[in-house]
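Right, one structure below, let's go through it.
Just so it is clear, none of the values below were taken in a lab; they were calculated from the coordinates. All of these numbers come straight from a predicted model, not from anything done at the bench. Cβ sites come from the backbone with ideal geometry, for glycine too, and all protein chains shown count toward neighbours.
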Amino acid sequence: MEIRTASSPRDVKHYTTERLREEFLIQNLFVGGEIKLVYSHIDRIITGAAVPTDKPLVLTAGEELRADYFLQRREMGIINVGGKGTITVDGRAYTLDYKDGMYIGMGQKDISFASEDATNPAKFYLNSAPAHTTYPTVLIKMDGEKEEGVVIIKDENKVELGTLEESNHRVINKYILPGQVESCQLVMGMTALKPGSVWNTMPCHTHDRRMEVYLYFEMPEDAFVMHYMGEPTQTRHIVMRNEEAVISPSWSIHAGSGSRAYTFIWGMVGENQVFTDMDGVDNKDLR
């Protein structure tokens with residue numbers, strides 16, 4: 001598990017391109033046959049991925065957590081961005097298709113990941129946050145019939161925003177949030193841009209009470225996203241490629257403009273779970 005420390009906005013405005021990428025960009029997450037994890041001191045979020053191939057992968061705490069098992073004091077959200085796979089939680093198997101998600105509550109001990117087809121492996125992207133109580137473990141699906149242990153994303157949590165004229169026509173799908181999938185502090189979802197749109201989270205905002213991590217995907221090899229970060233009057237950018245993630249501190253904006261349409265997963269942890277708790281930044285005030 002890689003450890004990242006927190007950074008002050010007073011320091012970040014002096015960072016070089018190389019230093020910005022070193023501190024905030026997460027690359028090479030999806031490695032076949034491995035679980036990759038990055039632990040950030042910013043609200044103690046863990047960002048990672050499991051890509052099982054010829055055999056299941058078992059999630060362990062490692063020395064960094066000083067815990068008996070990974071979710072002893074944590075909760076976790078997962079979205080599959082690869083082939084069909086299975087997550088087994090304390091003996092119960094959950095099958096995830098492309099873009100299916102899961103919430104796994106604190107206290108679940110034995111967690112393993114497997115792919116149905118090793119040549120088209122599942123790519124389980126995960127966010128994990130400290131937790132104080134246990135909430136039910138559930139499978140999360142875009143559509144289908146609700147059943148025990150399965151949550152279907154509510155229509156009110158599939159939000160269409162923006163316009164093609166403003167290059168930001170997109171659909172926000174909220175997976176983990178109060179009223180649908182309960183958690184201690186983790187909020188998680190996925191935003192897909194419509195063809196012809198390239199801007200996300202614009203007009204931009206900050207939220208002092210929560211930090212955020214973005215994973216950009218569904219981009220061809222030669223495509224990229226210019227991810228904008230920093231204080232609203234001290235903006236910086238990071239060039240991001242397919243299946244790369246970026247850590248966004250609470251004081252930073254987090255927006256992007258791509259060379260083409262793309263999809264991204266967002267995960268937030270911090271002081272509260274109110275999706276609309278944000279401080280908007282007027283476009284004319286950006287510097």
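Checking every one of the chymotrypsin sites (Phe, Trp or Tyr not before Pro) in segment 1-101 against DSSP loop status and a limit of 12 other Cβ atoms within 10 Å picks out no site at all.
For the chain, the mean residue ellipticity at 222 nm estimated from helices alone is -1000 deg cm²/dmol, where every DSSP H run of n ≥ 4 contributes -39500 (n - 2.57) and the total is divided by all residues, rounded to the nearest 500. Given that just one value was derived from the coordinates, which of [x] 19.5, 64; [y] 18.0, 54; [z] 25.2, 108 is Rg and Dmax of the Cα atoms in Å? After the calculation, the listed value that fits is [y].
Of the GluC sites (Glu not before Pro) found in segment 191-263, those in coil by DSSP whose Cβ has at most 11 other Cβ atoms within 10 Å are Glu221. Of the GluC sites (Glu not before Pro) found in segment 1-100, none is in coil by DSSP with at most 11 other Cβ atoms within 10 Å of its Cβ. In terms of its alpha-carbon gyration tensor, segment 174-238 comes out oblate; a/c meets the 1.5 threshold, while b/c is at least as large as a/b.
Under the convention that each Lys and Arg Cβ holds +1 and each Asp and Glu Cβ holds -1, the size of the dipole of the chain around its Cα centre is about 360 debye. FRET efficiency for Ile3 and Val150, Cβ-Cβ distance as r, R0 = 41 Å, nearest 0.05? For Ile3 and Val150, the calculated efficiency is 0.70.
Residue separation of Asn283 and Leu25 scaled by 0.36 nm, minus their Cα-Cα distance, works out to 90.4 nm of gained length. Obtain the nm distance between the two label points defined at Glu165 and Asp222 by a simple spin-label model: each point lies 7 Å from its Cα along the Cα-to-C-beta direction. In this crude label model, Glu165 to Asp222 measures out at 3.3 nm. Indicate the gyration tensor shape class of segment 85-140 (rounded, prolate or oblate), computed on the Cα atoms with a ≥ b ≥ c the square roots of the eigenvalues: a/c under 1.5 is rounded; otherwise a/b larger than b/c is prolate and the rest oblate. Because a/c hits 1.5 or more and a/b exceeds b/c, segment 85-140 counts as prolate.
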